[in-house]
1. Among the candidates Ala81, Ala45, Ala53, single out the residue that is small (Gly, Ala, Ser) and over 20 Å from the mean Cα position of the chain (by Cα).
2. Hey, can you tell me all the residues within the stretch 56-92 that are at pLDDT 90 or above and among the β-branched types (Val, Ile, Thr)?
3. Need a quick list: helices (runs of 4 or more DSSP H) entirely within the stretch 161-259 having at least 3 residues that are hydrophobic (A, V, I, L, M, F, W, C) and open to solvent by 40 Å² or more (accessible area, probe 1.4 Å).
4. Does the stretch 51-84 hold any residues that are within 14 Å of Ile145 (Cβ to Cβ) and outside any loop (DSSP other than H, G, I, E, B), and which are they?
5. Quick check on Lys200: is it in contact (Cβ under 8 Å) with a residue 60 or more places away in the chain, out of contact with any helix residue (DSSP H, G or I) (no Cβ under 9 Å at 6 or more places or on another chain) and not hydrophobic (A, V, I, L, M, F, W, C)?
6. Between a residue in the stretch 78-94 that is closer than 22 Å to Thr193 by Cβ and any residue that is part of a helix (DSSP H, G or I) and not basic (Lys, Arg), which pairs come within a Cβ distance under 6 Å, given they are 6 or more apart or on different chains?
7. Can you confirm whether the stretch 153-160 contains a residue that is among the charged types (D, E, K, R), over 16 Å from Ser93 (Cβ atoms) and at pLDDT 95 or above?
8. Under 8 Å between Cβ atoms, which residue pairs at least 6 apart in sequence (or on different chains) link something in the stretch 18-38 that is under 21 Å from Ile98 (Cα atoms) and among the basic types (Lys, Arg) with a partner that is surrounded by 10 or more Cβ atoms within 10 Å (Cβ to Cβ) and modelled with pLDDT of 75 or more?
Amino acid sequence: LCAKPEGLLKALEAGIIPVVAGFQGMTMDGNITTLGRGGSDTSAAMLGVSLKADCIEIYSDVDGIMTADPNVCDKAKIIPAISYTEVFQMADSGAKVIHPRAVEYAMRAGIPLVIKNTFSNEKGTYILQNVESIVDREKQHHQVITSVAHRYHRTQFTIHHEPRLMDDLLGSIATAGISIDLINIFPNSKVFTIDQEDEKALQALLEKQGYSYEILPNCAKVTVIGERMTGVPGVMARIVRALNREQIDIYQTADSLTTIACLIQEQHVAKAIDVLHDEFHL
């Protein structure tokens, strides 16, 4: 995608405020087309970059990006500032935030994005590289976690096999168009999750190839996200301890520099988010 701002610049120089359709664009052949999901956010970011704006403000019906889904956690709060990376992780972990492609355009140009509410005067959420430039530095230092996201409809598979068959199995799954999420590989087995929609397709594939497997349906992935957890000891221990207090079983975990994900039963999602929200003082 690219934008040609010449016409907009001429309108601005003439004192005209241009209104640009956010969900449509033009193909290389000159045909009008839609941009797909997140098209309006992407258009705004792309135009802001093309016009070399100091800031890109995106207005919707929410006051900003929140620490958790307010439909699940009534303790959710507005995040004053969040990094580009953390927003990417939130979206990837199931949170309904600004479209990642819009964030990508702004990040490449180093332009802050601001998510605001059309119907209120709230300051909203700033998305930028240096969060400390917006938020109180002392408070930010102690806030190792920024948000908690979740994704429903996960199914866990535990597959038993000979070590030499490992590559064959993963290749077959990829060829079938089934995306693997959390995964742990052991010499004689592997444990991973997939979207519930692919459950029957994977079962058919495994049975056809003669694999022995176990299945755990109705799971959800709950993920804590925060750039400042990198190098901080004890974050995983706090998560496990908090969930154990509520007798929430953890079936699988995965972590990166900025995320820790836990697989739990769907019925415990609201309680899990609540206790993690409290544990990290979000």
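The values are calculated or read from the model by the stated rules, or taken from the named source; none is laboratory data. Since the structure is predicted, the reported quantities are computational estimates derived from the model, not experimental observations. Positions of Cβ are backbone-derived with ideal geometry, glycine not excepted, and every protein chain shown enters the neighbour counts. SASA here: full protein model, heavy atoms, side chains in, ligands and nucleic acids out. Shrake-Rupley method; radii C 1.70, N 1.55, O 1.52, S 1.80 Å.
1. Being small (Gly, Ala, Ser) and over 20 Å from the mean Cα position of the chain (by Cα) holds for just one of Ala81, Ala45, Ala53, which is Ala53.
2. Selection gives Ile56, Ile58, Ile65, Thr67, Val72, Ile78, Ile79, Ile82, Thr85, Val87.
3. On the way: elements: 166-175, 199-208, 235-245.
In the stretch 161-259, the matching helices (runs of 4 or more DSSP H) lie at 166-175, 235-245.
4. If the condition is that a residue be within 14 Å of Ile145 (Cβ to Cβ) and outside any loop (DSSP other than H, G, I, E, B), then Met66, Ile82, Ser83 are the ones that fit.
5. Details: in contact (Cβ under 8 Å) with a residue 60 or more places away in the chain: no; out of contact with any helix residue (DSSP H, G or I) (no Cβ under 9 Å at 6 or more places or on another chain): yes; not hydrophobic (A, V, I, L, M, F, W, C): yes.
No.
6. Taking only residues 6 or more apart or on different chains, the pairs are Phe88/Pro100; Ala91/Pro100.
7. Start the filter on the stretch 153-160 by keeping residues that are among the charged types (D, E, K, R), which leaves 154.
Restricting the remaining residues to those that are over 16 Å from Ser93 (Cβ atoms) gives none.
No, there is no match, as no residue in the stretch 153-160 is among the charged types (D, E, K, R), over 16 Å from Ser93 (Cβ atoms) and at pLDDT 95 or above.
8. Every condition considered, the pairs that remain are Arg37/His99.
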